[in-house]
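Remarks on the structure that follows.
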Number of protein chains: 2
Amino acid sequence: MKKVGVAILGLGVVGGGTYKILTEHREFYQKTQNVDITVEAVLELNRERALALGCPEEIIASNIYEVVSNPAVDIIVEVIGGVGVAREFVLDALNAGKSVVTSNKELFCKYSHELERAAKRNNAGIFFEASCVGGVPIIRTLLDGLQANHITSMMGIVNGTTNYILTKMTSEGTSYEEALKEAQRLGYAEANPAADVEGFDSTYKLSILSSLAFHTKVPYTKVYREGITKITAADIAAASELGYVIKLLAIGKQTAQGIEVRVHPAYVKKSHPLASVNDSFNAVYITGDAVDDVMLYGRGAGALPTGSAIVSDVIYAATHKEVKYSTFKNTAEAEKGVKFVSNFESAYYLRMSVIDKAGVLAKITSVFAKYNISIEEMIQKNADGDVTPLIFITHSTHELSIRKAIEKLKEYEEIANVDAVIRVVS
Amino acid sequence: MKKVGVAILGLGVVGGGTYKILTEHREFYQKTQNVDITVEAVLELNRERALALGCPEEIIASNIYEVVSNPAVDIIVEVIGGVGVAREFVLDALNAGKSVVTSNKELFCKYSHELERAAKRNNAGIFFEASCVGGVPIIRTLLDGLQANHITSMMGIVNGTTNYILTKMTSEGTSYEEALKEAQRLGYAEANPAADVEGFDSTYKLSILSSLAFHTKVPYTKVYREGITKITAADIAAASELGYVIKLLAIGKQTAQGIEVRVHPAYVKKSHPLASVNDSFNAVYITGDAVDDVMLYGRGAGALPTGSAIVSDVIYAATHKEVKYSTFKNTAEAEKGVKFVSNFESAYYLRMSVIDKAGVLAKITSVFAKYNISIEEMIQKNADGDVTPLIFITHSTHELSIRKAIEKLKEYEEIANVDAVIRVVS
C-alpha cells in the first residue's frame with residue numbers, strides 16, 4: 001500500500017478539523033483508497049493547542065525548515081491564512097518539491113501565478129478545493145465534472161456570514177445591525193466583519209471560481225464589489241412583498257461582450273433554487289452550454305466541512321500523481337485581449353422617497369424614458385409624514401443607464417432621496 | 001497535443017447529443033484541455049440518422065468489429081441501452097483494450113463485475129458518470145470530491161419522469177393518470193412507463209450510487225422498491241396541508257445495523273432542499289461525517305445534459321491515464337458479512353377510511369399502542385357519506401411495526417380501508 005506523509009501548518013479551527021479527520025479515518029482510507037496517510041509533522045506556535053488535539057510531541061515541529069526538509073512529509077497542508085507567512089511557507093514547501101493543499105482563498109487569489117510557477121518548476125502539485133465554498137466540491141466539479149461545457153454563467157452564495165445575516169433579517173425582520181451582532185455572538189462573524197460584509201471574501205472566491213470557469217485569469221481587482229451594509233429592513237420587506245429574497249451573490253458571466261464579474265446584494269425570485277439557500281449554507285448555480293443548470297449546495301465553512309475538502313485534496317494528490325491542477329495561465333494579470341464588461345445588463349429594484357406633489361410621478365417616468373428604462377412593477381406606499389416611499393422594479397437595462405437616471409432624479413427637489421438600488425436576477 | 005479518437009455506439013438522443021458536443025467543441029477542448037478529440041467511428045443501424053447528424057460517410061461503421069479493430073479509436077462510448085448487444089459490444093471494446101464510457105445504468109448496475117474484470121484484464125478503463133442523474137457530476141463527486149467522508153446517508157430524486165408527474169399533480173391537483181398522460185405527450189414518459197413509474201430506473205441508479213458511497217457492492221436486488229402508481233390527488237393534497245410534498249426518493253443509509261436501500265414515494269418537509277426540486281430536475285442530498293450535508297442539483301436526462309456527462313468522462317479518460325475507475329469489488333453479489341436492513345426506521349403517513357361509530361378511534365389508537373407507534377399528528381376530515389377519512393402522521397417507528405399494525409387494523413369492520421401508507425422523511 002502506498003504510504004503518504006502529511007504536514008499541517010496551523011492548527012486553528014480548520015487545521016484541527018483536518019488533523020482529526022486524517023487521524024480518525026486512517027484505517028478507512030487504507031481500506032477504501034488503498035493509501036496509508038499519516039500526519040508526520042505539525043507547525044503550530046501554540047504548543048498547548050497541538051498537545052490538546054492529541055498530537056504526539058515528536059511531530060510538533062519548531063520551524064518551517066524542519067517540516068519541508070522532513071523526508072517523511074510528501075504533502076503540506078497550509079491553513080494559516082493571510083498572505084504573510086502563509087505565502088512564504090507555501091513557497092518553501094513547493095521549492096522543496098512537496099505538494100501543497102491550501103484553504104487560503106486570499107493567497108491563492110492574489111498569488112496563484114507565483115505559486116503555480118513554483119509548483120511547476122519543482123514538479124509539485126498545488127490543490128485548493130478548500131479555498132472556495134468549504135466542503136462543497138466546486139473546484140473539482142469545474143475542473144473534472146463540467147469541463148465539457150462552455151460555462152456561460154455562475155451565481156453563487158459563497159459567504160456564510162452574510163447569508164446568515166440576510167436570512168436572519170428576512171425571517172425575523174431584524175435590522176442589519178442586530179443581525180450582525182447575533183452573527184458575532186455565534187462566532188459566524190469576526191469582531192471586524194469587513195472582510196465578509198463588505199464582500200471581499202466573496203470577491204476572492206469569485207476570482208478563483210471564474211478563472212476556472214472561463215479558462216483565463218480573472219484578477220480580483222476586476223470584480224465589481226458591493227457589500228450588504230446598506231441593506232435595510234425596508235428593502236427586505238419590499239423583497240418579500242414582491243416575491244423575492246435578498247442574497248449576496250457572486251456573479252460571473254461570459255458574454256459576447258466579455259467577462260462580467262460582480263459581487264453585490266441581489267433580489268432573487270423566491271422560486272429560484274438559490275432563494276432557499278439559508279443560514280450559513282452556501283451554493284453555486286452554474287449554467288453550461290451542454291449541461292444547462294446545475295447547483296451545488298452545502299456548508300461553506302466550519303472545521304469538518306472545510307477539513308473534508310482539504311483531506312479530499314490530500315487523497316486526490318496522493319492517488320492522481322500526474323494531475324497537478326496548475327490550470328490557470330501563469331499570470332497575475334488578465335490576459336491580453338480578454339475584455340471585462342462593467343456596463344452589465346440587469347433589472348433593478350429602486351426605492352425612493354418623494355414629496356407628494358402633483359406631477360412627481362410624471363417627472364420620474366420621463367427620466368426613466370430618457371434612459372430607456374422600462375418599469376415592470378411599481379408600488380406606492382403610504383406617506384410617512386410629507387414623504388411617500390415609491391418602489392420600482394425595472395425591466396432589464398444597463399448599469400450605466402440606471403446610474404445616470406439616478407443622478408438626474410437627484411436634481412429634482414421633489415425627490416427627497418433615492419434610498420436603495422439593488423440589482424434583480426431572474 | 002495528445003490526440004484521442006472516439007467511437008460512438010448508437011446515435012439516438014444521447015448519442016446524437018454526444019456527437020454534437022464533441023464535434024462543436026473540438027477547438028475548445030484543444031485550447032482548454034490540451035487534447036484533440038475526434039470522432040473516428042459511429043455505429044448506427046439507421047444510416048440516415050447518422051448522415052442527418054452530419055457524420056461523414058467514412059466514419060459510419062458496418063459492425064462492431066470494424067470499430068474495435070480501428071487503431072484510431074481509443075475510447076468507445078456506448079449509448080445503446082439495455083443489456084443485450086450493449087453488453088456484448090462493451091465487452092468487445094474492453095477486450096480490444098479500448099476504454100469505455102457508458103450511460104447505461106441497467107448494464108452497469110447488473111454487470112459491473114463482469115465489465116470491471118474485463119477492463120482490468122485488458123488495462124482499459126470503464127467510466128459511467130452518465131449512468132446516474134444526467135449532467136450532474138454525482139459519480140465524480142462521490143469518488144473524488146467526498147471521498148474523505150464516511151457517507152452515512154444519501155437521498156435522491158433520480159428519475160425525471162416521476163418527478164415531473166408528481167410536480168404536476170402537486171401544482172395542478174391533477175390525478176396520477178392525467179399527469180402521466182401529459183408526461184407521455186411531452187416525451188418525458190415512455191408508452192410503457194413501468195421502468196420509470198414502478199421505480200426500476202431509480203433502483204438501478206441507487207444500486208450504483210450506494211455501491212460507491214458505501215464502498216461495497218450493493219446489488220439492485222437488495223433495494224426495496226415501490227413506485228408512484230398508487231399516489232392519489234388526496235395524498236398530494238394532504239401532504240400540502242401538513243407542510244410536505246411527495247417525492248419519489250432513492251434512499252441509501254449506512255447504519256450500525258447495516259446498509260438500508262429503498263426506493264419509494266415519501267413525504268418531504270417543504271423546508272427541505274429536496275422539496276423544491278421540481279419538474280424533470282433531479283438532485284441528490286448526501287450526508288457525510290465530515291462534510292455534513294451537500295446537495296447536487298441539475299438535469300437528470302436529455303441529449304445535451306447527459307452528453308455533458310459522457311464527454312466529461314471522455315476528457316477524464318483522456319487526461320487521467322492512471323485512473324480506471326474500477327472501484328467496486330469484482331463481484332455481482334453483496335460481500336460476505338455486509339448486512340442489509342429491511343426493517344428500517346421511518347415516520348409514516350397513513351390515510352384510512354373508517355365507519356363513524358363510537359369507539360373507532362380508541363380501537364385504532366390501541367392498535368398503534370400495541371405496536372409502539374406514537375402519533376405526531378392526526379386529522380379527521382368531513383365524512384364522505386358513511387365513511388370518514390382519517391389521516392395520521394406517526395413518529396419514527398419500524399417498517400415491520402407499521403405492517404403488523406395495518407394487518408391488525410384491517411381486521412376491524414369499522415375500518416373500511418387503509419387507503420395509503422407513505423413514508424415520511426425529515
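Quick notes on this structure:
- Filtered residue count, the stretch B:189-199, keeping only those that are out of contact with any helix residue (DSSP H, G or I) (no Cβ under 7 Å at 6 or more places or on another chain) and under 24 Å from B:Ile139 (Cβ atoms): 1
- Any hit, the stretch B:121-135, residues being buried (at least 19 other Cβ atoms within 10 Å of the Cβ), free of Cβ contacts under 8 Å to residues at least 12 places away in the same chain and within 14 Å of chain A (Cβ to nearest Cβ): no
- Elements of the type strands (runs of 3 or more DSSP E) sitting completely within the stretch B:218-305 and holding at least 2 residues that are among the β-branched types (Val, Ile, Thr), within 14 Å of another protein chain (Cβ to nearest Cβ) and under 28 Å from B:Asn343 (Cβ atoms): these cover B:281-288.
- A:Ala148 being within 12 Å of chain B (Cβ to nearest Cβ), assigned to a loop (DSSP other than H, G, I, E, B) and either surrounded by fewer than 24 Cβ atoms within 10 Å (Cβ to Cβ) or touching a His at 6+ places or on another chain (Cβ under 8 Å) (or both): yes
- A:Ala238 vs. criteria among the small types (Gly, Ala, Ser), surrounded by fewer than 24 Cβ atoms within 10 Å (Cβ to Cβ) and farther than 30 Å from A:Tyr176 by Cα: no
- Among the residues making up the stretch B:339-364, those that are farther than 30 Å from B:Val263 by Cβ and either of a type in the set (Gly, Ala, Ser) or part of a loop (DSSP other than H, G, I, E, B) (or both) are B:Asp356, B:Lys357, B:Ala358, B:Gly359, B:Ala362.
- From the options A:Ile406, A:Ile379, A:Ile355, A:Ile375, residue that is surrounded by fewer than 18 Cβ atoms within 10 Å (Cβ to Cβ), within 30 Å of the chain's Cα centre (by Cα) and among the β-branched types (Val, Ile, Thr): A:Ile406
- Those residues of the stretch B:194-217 which are part of a loop (DSSP other than H, G, I, E, B) and either free of Cβ contacts under 8 Å to residues at least 12 places away in the same chain or more than 15 Å from the chain's Cα centre (by Cα) (or both), in sequence order: B:His215, B:Thr216, B:Lys217
- Filtered residues of the stretch A:158-190 (kept if closer than 28 Å to A:Ser207 by Cα and charged (D, E, K, R)): A:Lys168, A:Glu190
- Only one of B:Ala183, B:Ala179, B:Ala191 that is aliphatic (A, V, I, L, M) and more than 23 Å from B:Ala237 (Cβ to Cβ): B:Ala191
- Output for the stretch A:97-153, where each listed residue is acidic (Asp, Glu) and either in contact with a helix residue (DSSP H, G or I) (Cβ under 8 Å, 6 or more places away or on another chain) or within 19 Å of A:Val73 (Cβ to Cβ) (or both): A:Glu106, A:Glu114, A:Glu129, A:Asp144
- Evaluation of A:Ser103 against (1) over 22 Å from A:Arg225 (Cβ atoms); (2) at pLDDT 95 or above; (3) small (Gly, Ala, Ser) (one fails), failing number: (1)
- Pick from the stretch B:248-271, criterion closer than 20 Å to A:Gly298 by Cβ and at pLDDT 95 or above, ranking: surrounded by the most Cβ atoms within 10 Å (Cβ to Cβ): B:Ala250
- Exactly one residue out of B:Glu345, B:Glu335 is more than 28 Å from A:Thr319 (Cβ to Cβ) and acidic (Asp, Glu), and it is B:Glu345.
- For the stretch B:151-170, taking the residues that are part of a helix (DSSP H, G or I) and aliphatic (A, V, I, L, M), the one that is surrounded by the most Cβ atoms within 10 Å (Cβ to Cβ) is identified as B:Ile165.
- Criterion applied to A:Ala334, A:Ala369, A:Ala317 was being free of Cβ contacts under 8 Å to residues at least 40 places away in the same chain, among the hydrophobic types (A, V, I, L, M, F, W, C) and away from chain B (no Cβ under 11 Å), and the one residue passing it is A:Ala369.
- Top-ranked residue of the stretch B:63-90 - restricted to ones that are among the small types (Gly, Ala, Ser) and in contact with a strand residue (DSSP E or B) (Cβ under 8 Å, 6 or more places away or on another chain), ranked as nearest to B:Val13 (Cα to Cα): B:Ala86
- Checking each residue in the stretch A:5-43 for being on the phi < 0 side of the Ramachandran plot, under 27 Å from the mean Cα position of the chain (by Cα) and either within 11 Å of chain B (Cβ to nearest Cβ) or outside any strand (DSSP E or B) (or both) picks out A:Leu11, A:Gly12, A:Val13, A:Val14, A:Gly15, A:Gly16, A:Gly17, A:Thr18, A:Tyr19, A:Lys20, A:Ile21, A:Leu22.
- From B:Asn149, B:Asn123, residue being out of contact with any Leu (no Cβ under 8 Å at 6 or more places or on another chain), at pLDDT below 95 and not aliphatic (A, V, I, L, M): B:Asn123
The values are calculated or read from the model by the stated rules, or taken from the named source; none is laboratory data. These numbers come from a predicted model, not from an experiment. As a convention, Cβ positions derive from the backbone with ideal geometry for all residues, glycine included, and neighbour counts pool all protein chains shown.
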